[in-house]
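Let me give you the structure first, and then I'll get to my questions.
The values are calculated or read from the model by the stated rules, or taken from the named source; none is laboratory data. Just so you know, these numbers come straight off a predicted model, no measurement behind them. Please note: Cβ atoms are built from the backbone with ideal geometry, for glycine as well, and neighbour counts cover all protein chains shown. Please note that ligands, DNA and RNA were not included when accessible areas were found on the heavy atoms of the full protein model with its side chains. Shrake-Rupley method; radii C 1.70, N 1.55, O 1.52, S 1.80 Å.
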Amino acid sequence: MTKFLLSLHVLAAIVTIGPVTVAASMFPAALRRALGDSGDGDARTTLRTLHRICRVYAGIGIAVPLFGFATAGGLGVLGSPWLITSILLTAVAAGVLVLLILPAQDRALTETASPAAPRPARTPLAAGRLAMFTGIFNVLWVTVTVLMIARPGSTTGV
């Protein structure tokens, strides 16, 4: 049963976190295009699509830690330092996504919806800041992935 749960955990991570990291990484460049040409409807459509991918897959992504906890419980490694570190980094990554990336994307969509919208964030700074948040999010997930594969100090043999 543990191998089945581990398979579900890995598949959930690939299917949900992968699209979020790609879409979130593409968003700042699409935002720069949309800000550069306020009449570009395609750029705004791209922004809406990328944001929808981030939002929907972030919600579905709750399956990843659920399957992860079930797997860790089955393996008896819930107290392992590598797993506790991974859990903390996952929580930080989720916080970056929910508290920084998604709201920034929402603001960008609002600001690009109308050429008459307020212009304070219509600068490269907004796109750059969003790119930075996305980079932090991606580095956190890379670190979690490495910890999950290397499992320093693990003796489970799985």
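For the chain, what is the mean residue ellipticity at 222 nm derived from helices alone (per DSSP H run of n ≥ 4: -39500 (n - 2.57); sum divided by total residues; nearest 500 deg cm²/dmol)?
Working: 7 runs with 117 residues, N = 158.
One gets -25000 deg cm²/dmol as the mean residue ellipticity at 222 nm.
Mind giving me the FRET efficiency for Phe4 and Val142? R0 is 35 Å, r the Cβ-Cβ distance, nearest 0.05 is fine.
Values: r = 26 Å, r/R0 = 0.74.
Efficiency for this residue pair is about 0.85.
With the cut-off at 23 Å, report for segment 29-116 the share of all Cα pairs above it, as a whole percent. Present the calculation step by step, with values, prior to reporting the outcome.
Values: 1624 of 3828 pairs.
The proportion of pairs with Cα distances above 23 Å equals 42 percent.
Expressed in nm to one decimal, what extension gain is obtained for the pair Ala63 and Arg48 from 0.36 nm per residue of sequence separation less their Cα-Cα distance?
3.0 nm
Still on this structure, please answer the following. First compute the accessible area of the chain with a 1.4 Å probe, then give the percent of it belonging to carbon and sulfur atoms. Walk me through the numbers on the way to the answer.
Values: 6060 of 8540 Å².
The computed percentage sits at 71.
Continuing with the same structure: How large is the accessible surface per residue of segment 1-94, computed with a 1.4 Å probe and reported in Å² as a whole number? The partial results should precede the final answer.
On the way: 4920 Å² over 94 residues.
Ligands and nucleic acids excluded, the result is 52 Å² per residue.
Now for a separate question. Before anything else, pin down the relative contact order of the chain: Cα pairs under 8 Å, at least 6 apart, normalised by residue count, whole percent. Mind dumping the intermediate values first?
Values: 143 pairs, mean separation 51.3, N = 158.
Result for the chain is 32 percent.
Which distance in Å, rounded to a whole number, links the C-alpha centroids of segment 48-82 and segment 1-32?
9 Å
Between (i) 63, 24, 19; (ii) 43, 39, 27; (iii) 59, 24, 18, which entry matches Cα extents along the principal axes in Å as derived from the coordinates of this structure?
The listed entry that was calculated here is (iii).
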